[in-house]
Amino acid sequence: MAAQTMSQADINALKKKIEEAKADEGRKAKWVYPSMAAKAWGLTEEIVDELAADGTLPMKVVENDQEPKVTYVDAFCLPVKDESALRWGLAEVENITYKVAQPVHAAAAEVMAMPEWDELVKRHDEGERWTDRTQQLLDVMGKKMEVVLPNTGNTAGVNGILMHAVHTNDATEAIRIIRALGSKRSHASKEKDNKEPDEE
């Protein structure tokens, strides 16, 4: 069934499958980001968010001193159509569709305008990895992004990946994510979505 054209009956059928899975005492959960589960099931993230928001979808929130609050859902409560979507190592930032709210885009743009960003990118391009200086630069940028990235179903995955990159001093991943969040294309897409009907 096409995710974009799901009827209420389709959604109700999904809810019934989830309730049946939740009732299976022998079932083991696999906790993943909502975006990963959506891809694995062949659903839109909006549908997954709806299922989580109304309490149908098993969900847990993890919060500790090392990472920001991150939301996970149980990927094994619906039939998995794409197993590769559940493999963390295959996640590639370029393939994530970002729905960038203005504050997030603005923060990423601010980060990319900072002298620390230029220094980090230059050091990274020259092959510098995992030094005390790259960690200092990433900390500055991570704190600025962490303030604005919400932990909703659409962005919790990105938030978790970005903060993990910061904490592990992974400049390659952090640069890719911030560039994607601050890209003109993602910003233009958001502006188009918010455009008034009478605007040209």
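The values are calculated or read from the model by the stated rules, or taken from the named source; none is laboratory data. Everything numeric in this text was worked out from a predicted model, so none of it was measured. With ideal geometry, Cβ positions are generated from the backbone for all residues, glycine too; neighbour counts draw on all protein chains shown. Remember, those area values only see protein heavy atoms, side chains included, never the ligands or the DNA or RNA. Shrake-Rupley method; radii C 1.70, N 1.55, O 1.52, S 1.80 Å.
Just to verify a result, which residue in the stretch 53-76, among those that are at pLDDT below 75 and open to solvent by less than 50 Å² (accessible area, probe 1.4 Å), is farthest from LYS143 (Cα to Cα)?
Initially, the stretch 53-76 is screened for residues at pLDDT below 75, giving 62-70.
Next cut, open to solvent by less than 50 Å² (accessible area, probe 1.4 Å) only: 68, 70.
Values: PRO68: 11, VAL70: 16 Å.
Looking at residues that are at pLDDT below 75 and open to solvent by less than 50 Å² (accessible area, probe 1.4 Å), I get VAL70.
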Kindly indicate the residue of the stretch 132-157 that is open to solvent by less than 20 Å² (accessible area, probe 1.4 Å) and at pLDDT 75 or above and also nearest to ALA113 (Cα to Cα) among those meeting that condition.
-> MET141
Considering only the stretch 77-91, state which residues are open to solvent by 40 Å² or more (accessible area, probe 1.4 Å) and at pLDDT below 90.
-> GLU83, SER84, ARG87, TRP88, GLY89, LEU90, ALA91
Close pairs from the stretch 19-35: first within 16 Å of VAL158 (Cα to Cα), partner among the β-branched types (Val, Ile, Thr) and surrounded by 15 or more Cβ atoms within 10 Å (Cβ to Cβ), Cβ under 6 Å, at least 6 apart | PRO34/VAL48; PRO34/VAL73
